[in-house]
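All of the numbers you see were taken from the coordinates with simple rules; none came from a lab. Fair warning: this is a prediction, and the values are worked out from it, not measured in the lab. Here Cβ is always computed from backbone atoms with ideal geometry, including for glycine, and neighbour counts include all displayed protein chains.
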Amino acid sequence: MLALGRSRFALPVAVVLALGALAQTPIQPLNDLPNPYRTVRDWGHPPHDTPWAAVTAVEVAPDGSIYVVHRCHDNSCAGRTEPPILKFDASGNLLKAWGEGMFVFPHGATVDRQGNLWVTDEQARDGRGMQVFKFSPDGQVLMTLGKAGVASAEPGLFDEPTDVAIAQNGDIFVTEGHSGPRPGNDRISKFSKDGKFLKSWGKRGSGPDELNAPHTIALDSRGRLFVGDRNNNRIQLFDQDGRHLDTWRQFGRPSGIFIGSDDTMYVADSESWGKDEPGWKKGIRIGNARTGKVNYFIEDMESTTEEHSGAEGVGVDRAGNVYGAVVRRQMLEKHIKQ
């Protein structure tokens with residue numbers, strides 16, 4: 001992959017422009033790859049046999065339990081009483097549910113090394129939203145970032161926080177920016193493990209250091225940040241100080257990213273279609289975060305249909321089974337490794 005990081009040696013303007021043009025060059029769609037998975041769509045159920053709302057995130061804890069985040073009823077938690085956070089065992093039995101009345105529009109999530117669950121609330125209404133919550137494994141609130149109901153570009157506050165990732169030393173990284181045409185922060189904010197704001201970087205655009213709807217974020221074994229720059233149809237790589245390292249386009253239009261401890265990388269492409277990504281099919285592409293090679297493709301059930309989206313969130317359990325959080329069709333998929 002072509003690295004576009006900064007250097008202490010200045011490059012001629014013509015070279016810089018050439019590198020930028022190359023980074024924007026479309027690549028051939030990677031659709032015809034092996035799929036070593038069998039898909040089921042009846043795994044896990046919300047309490048009282050109520051139907052799934054829009055499922056936004058699936059995260060597997062160190063003890064093997066599985067957190068599923070959905071939007072209470074239909075596509076919103078505003079004014080609802082259903083719990084958006086559901087905790088299952090590895091067999092799909094519901095263990096616990098919580099978060100009633102706390103969220104407007106739950107979005108991205110992650111689990112840290114201690115098994116704590118982090119969830120973003122991407123919208124604001126009635127004095128709620130625009131925050132990031134840290135929960136203990138039993139649902140206790142341990143930390144809150146942002147100011148309830150307030151969208152702001154002020155350092156330490158958020159405007160549409162989409163996802164969160166936790167570094168090995170406990171530092172917290174939050175992506176912001178979702179709605180496309182509306183001006184927003186389109187940035188990454190960094191906090192210390194105790195929630196102190198440290199820095200942010202990024203702005204709206206399509207250049208190497210710019211973002212347009214950064215929808216997801218994950219870290220590899222080297223601590224590099226992989227940011228799903230969705231409206232730019234690419235993944236951007238940064239170090240933890242915000243230095244741009246590389247740009248990858250071979251995983252499609254990224255909505256969700258999960259990177260395992262062995263650097264196997266799972267990217268949920270929920271929106272490739274038509275003019276945005278001509279020829280690309282929706283689904284989950286699986287490759288290697290070290291090399292950038294894509295090896296497998298779990299094709300979505302409606303991979304070329306504009307009206308529906310594939311999985312936006314993606315999680316992987318100890319056995320290598322892949323879970324897809326599907327928003328528009330309001331369902332949870334499990335792809336069983338064969």
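Size of region 249-325 along its principal axes in angstrom, Cα-based, largest extent first?
That works out to 35, 23, 16 Å along the principal axes.
Neighbour counts of other C-beta atoms within 10 Å: give me Phe88, Phe251 arranged from fewest to most.
Phe88, Phe251
Rank the residues Asp186, Asp74 as a footprinting-exposure proxy: fewest other Cβ atoms within 10 Å of their Cβ go first.
Arranged by neighbour count, lowest to highest, Asp186, Asp74 become Asp74, Asp186.
Using a basic spin-label model with each label point 7 Å from the Cα along Cα→Cβ, how many nm lie between Asn288 and Gln114?
Going by the 7 Å Cα→Cβ label model, 3.5 nm.
Only counting other Cβ atoms within 10 Å, I'd like Ser65, Ser179 sorted with the fewest neighbours first.
Ser179, Ser65
Separation between the Gln28 and Val141 pseudo-spin-labels, each 7 Å from Cα along Cα→Cβ, expressed in nm?
5.3
Which value, in debye to the nearest 20, gives the size of the charge dipole of the chain about its Cα centre, when Lys and Arg are +1 and Asp and Glu are -1 at the Cβ?
700
Can you check what the net charge comes to around Pro62, using other residues whose Cβ is under 15 Å from the Cβ of Pro62 (Lys, Arg +1; Asp, Glu -1)?
-3
How big is region 201-338 along each principal axis, measuring the range of its Cα positions in Å and listing the largest first?
37, 36, 23
Give the distance, in whole Å, between the Cα centre of region 276-338 and the Cα centre of region 60-78.
Centre-to-centre (Cα) distance: 18 Å.
Near the amide H of Asp269, under 5 Å away, which other amide H atoms are found, from residues 5 or more places off or on another chain, if H is placed in the peptide plane?
Residues meeting the amide H criterion: Ser255, Gly283, Ile284, Arg285.
Among the trypsin sites (Lys or Arg not before Pro) within region 253-338, which fall in a DSSP loop and have no more than 12 other Cβ atoms within 10 Å of their own Cβ?
Counting only loop positions with at most 12 other Cβ atoms within 10 Å, the trypsin sites (Lys or Arg not before Pro) in region 253-338 are Lys275, Lys293, Arg318.
When Lys and Arg each count +1 and Asp and Glu each count -1, what net charge do the other residues less than 9 Å away from Gly149, Cβ to Cβ, add up to?
Around Gly149, the surrounding residues sum to +2.
Along its three principal axes, how long is region 53-123 when you only count alpha carbons? Whole Å, largest extent first please.
The principal-axis extents, from largest down, are 33, 22, 16 Å.
Helix-only mean residue ellipticity at 222 nm, the chain, DSSP H runs n ≥ 4 weighted -39,500 (n - 2.57), per residue, nearest 500. What is it?
-1000 deg cm²/dmol, from helical runs alone.
Among Met331, Gln168, Tyr266, pick out the residue whose Cα is farthest towards the positive end of the charge dipole of the chain, where Lys and Arg carry +1 and Asp and Glu carry -1 on C-beta, about the Cα centre.
Farthest along the dipole direction, towards plus: Gln168.
Expressed in whole Å with the largest first, what are the equivalent ellipsoid semi-axes of the chain derived from the C-alpha gyration tensor as the square root of 5 times each eigenvalue?
Each semi-axis is the square root of five times an eigenvalue, giving 29, 24, 18 Å.
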